[in-house]
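The values are calculated or read from the model by the stated rules, or taken from the named source; none is laboratory data. Here the structure is a predicted model, which means the values were calculated and not measured. Every residue, glycine as well, gets a Cβ built from its backbone with ideal geometry; the counts of neighbours run over all protein chains shown. What goes into the accessible areas is simple: the full protein's heavy atoms, side chains included, and nothing from ligands, DNA or RNA. Shrake-Rupley method; radii C 1.70, N 1.55, O 1.52, S 1.80 Å.
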Amino acid sequence: LGSLICSAWCSDESLGSRPLLAMPSPSSVSAAPTCLAAGAAAETSQLGEATHPTRVLMSSAPCLASIAEETAEKTSRELDLESQIAELQGALGEMRKRQQQEAESRAVSRRDKIYSDHSSNNSKQSAGAVSLAPEAEDVEAVLHAASESELSYGSAHHSAAGGREGGASLEATTNVSVIMGSALAKSRLVQAVIYTIALGGVVFVLVARATHLGEAGAGSASGSASVTEDMVDAHSRRLGGGASVLMIHVASCIAAAGLIAFLMNILKLPLILGYLLGGVLVGPIGLDIVHSQAEIADMSSLGLVFLLFMIGLELDVSELLKMGRVVIGTGLLQFPLCAAIMTGIFMLLEAVGLSWGSGPYAALYVGMPCGISSTMIVVKLLSEQAEMDTAPGRLTVGILIFQDIWAIVVLAIQPDLANPQVLGILRTFGMIAVLTLVALAYAKFVMPAVFVFASGSIELMLIIALAWCFFMCCLATLPFIGLSMELAALISGVALATFPYSAEFNGKIKYIRDFFITLFFVGLGMQIPLPSMDAIAKAALVALVVLVVRWIGIFLVVNTLGGGKRLSSVATINLSQISEFALVICSLGMSYNHISEETLTILIWTFSMLAVLSSYMIGNNYAIYGMLSHTARRITRRGPKVGGDTADSQEEGEDHVDRNIVLLGFHKIAAMLVAHFEHHNPHLLAKLHVIDFHEHIM
């Protein structure tokens, strides 16, 4: 009240015109005498010295009474509002409490209804145990709902993409914003026109390059030479109009490989076939843009260097050694056994009149190189299948490493097959041991400190890893060591395999590797000669012999050493091709006058056939094993073994692939994942393994 009086007194406006904003606080009331006195003094100073404070207070009495009445009325109204608010808050609290209790009651009722049946079943096994597994009908409903949701999601994305009658069908995961303005949003007729023009542009560029369109003196030798010189000069200008011959060849190879590989992907054929056909297109029997595989051989060979370096980074020596006698025994016996059997078969066929070409060692050069499998193809396909770290994958890589060592032995004795130099072979193995010790010493004492100092920059660590690889390659190629860069790359990768950065190095290097591997296969395609029925028929016979003898040299050995039928079968399927190194051995044999070009032609066609076939076989290796296992059991009319080989006791009858995607429990979220796999990645369903205690899910 004192505050209100002071406010009215100190104001120039009348008391009746000022609104009452709020009730005074206790602190304001306690300060009322002071405020009143101050207000009286202020009023006295305004009215002048003749006016007395008592007279002023008496004149203000009616106003004070009015203020008191209004304050009393406001106090009663505020009390009523506060009581009403309290009642409303209480009602809202009761409402929320009832809603929460009803929701909990409904949830409990639903849970009891869903789980009651299985709870009664579990009580037979454990008294009082409560199961959380859903009913079979509920699981089926969840699966159906997830499938419907996935279908509706895909339909929504298709309609959002402007899908029309005659338009392209889009996957549910397609980024709609990317394809809205592309040919995919057009009708089929418009798409055909756009694609034809685009394809014609690529073909025009390749044909123009092959025919030297627009170049002065095209078609003549002198003109070609002048063009080459102009390209070399233009290369030094960086932004000039020309490029070096090597760069033009590489660009042409990648363009052709990309075009045909894209077509192979549309036709659901292996990409390796596209790379080989790309080499045929730009090679000597095609457009002849690249006159010989040797023109890109140096650059494409880097693909094998990067590949073996990455194999070494992924190679877990401890896991490999755990396989013990299986890996070591198979690695030591496989190549001699396969090479000896195949050489004997081809010599026998040669004796009955089937020629493998002229030269004293034609049958030997057909049989011996076919004992080696392709590291490039096998590792590439196993990496794509994510099977490098499986037991068959580790065994496959282990056998490939031994095959590479056997290839070194072959190269050591090849110059003088009639009188092999044993000392040269021993010297080669000694140098391999020295190079391995040097690599392990660096990896033990030097490389950890280098990576610690470089760990602040991912780019620097990658460069250091590559520098380490090529340092070992340079060391291996010194004249007094005389080893190959590929072997040095493998050893350098194994030395870094125990470092925690190896997985990151692999993730960064694989894109560089894929570029050079593409060039490598394009170069192999350039070596494919003009087809003739005689060469193709002989190559098909050689390929058949290779497929059969692999089961003797790998399956029989692995199974005898206790690896089990499943492990030995999958490893045999993985290695059912010949190596690109066989072509190198035959090329050297031609330089030594051991064989003729006809023998090399047969092996080139054999390599091409088995390379394409391996893409299918490795991609379906477990399915092939299951089919063969089922057929063998039906022929022998017996079921799975109960006793016997320990490795087989768990594998016999398991015709499915490794189920390495594990779902712990199965309900709505798992059902959504399964529905997505079913509609978009059905091949992954065979790898799913569900762990749940509800029998209907199984």
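Entry remark, segment 437-448: residues being within 31 Å of the chain's Cα centre (by Cα) and open to solvent by less than 80 Å² (accessible area, probe 1.4 Å) number 4 in total. Residues in segment 374-409 that are closer than 23 Å to residue 521 by Cβ and either open to solvent by less than 30 Å² (accessible area, probe 1.4 Å) or touching a strand residue (DSSP E or B) at 6+ places or on another chain (Cβ under 7 Å) (or both): 17 in all.
Can residue 478 be described as surrounded by fewer than 17 Cβ atoms within 10 Å (Cβ to Cβ), without any contact (Cβ under 8 Å) to a residue 60 or more places away in the chain and farther than 30 Å from residue 290 by Cβ?
yes
For segment 486-496, the criterion of a residue being open to solvent by 50 Å² or more (accessible area, probe 1.4 Å), closer than 11 Å to residue 310 by Cβ and modelled with pLDDT of 80 or more is satisfied by no position.
The criterion of at least 2 residues that are farther than 29 Å from residue 498 by Cα and acidic (Asp, Glu) is met by the following helices (runs of 4 or more DSSP H) wholly inside segment 277-385: 294-314. Do any residues in segment 505-530 that are farther than 14 Å from residue 580 by Cα have Cβ atoms under 9 Å from those of residues that are of a type in the set (Phe, Trp, Tyr) and assigned to a loop (DSSP other than H, G, I, E, B), where the two are at least six apart or on different chains, and which pairs are they? If the second residue must be of a type in the set (Phe, Trp, Tyr) and assigned to a loop (DSSP other than H, G, I, E, B), the pairs left are 505/499.
With respect to residue 470, determine if the residue is surrounded by 12 or more Cβ atoms within 10 Å (Cβ to Cβ) and among the aromatic types (Phe, Trp, Tyr). For residue 470, the condition - surrounded by 12 or more Cβ atoms within 10 Å (Cβ to Cβ) and among the aromatic types (Phe, Trp, Tyr) - is met. The condition of being charged (D, E, K, R) and modelled with pLDDT of 90 or more holds for only one of 538, 510, 444, that being 538. When the helices (runs of 4 or more DSSP H) confined to segment 579-642 are screened for residues that are open to solvent by less than 10 Å² (accessible area, probe 1.4 Å) and touching a Phe, Trp or Tyr at 6+ places or on another chain (Cβ under 9 Å), those reaching at least 3 such residues are found at 581-591, 597-619. Exactly one residue out of 386, 391, 454, 418 is farther than 16 Å from residue 578 by Cβ and either acidic (Asp, Glu) or at pLDDT 85 or above (or both): that is 454. Tell me whether segment 319-340 contains one or more residues that are at pLDDT 85 or above, within 19 Å of residue 487 (Cβ to Cβ) and open to solvent by 40 Å² or more (accessible area, probe 1.4 Å). Within segment 319-340 (the criterion being at pLDDT 85 or above, within 19 Å of residue 487 (Cβ to Cβ) and open to solvent by 40 Å² or more (accessible area, probe 1.4 Å)), the answer is yes, since at least one residue qualifies.
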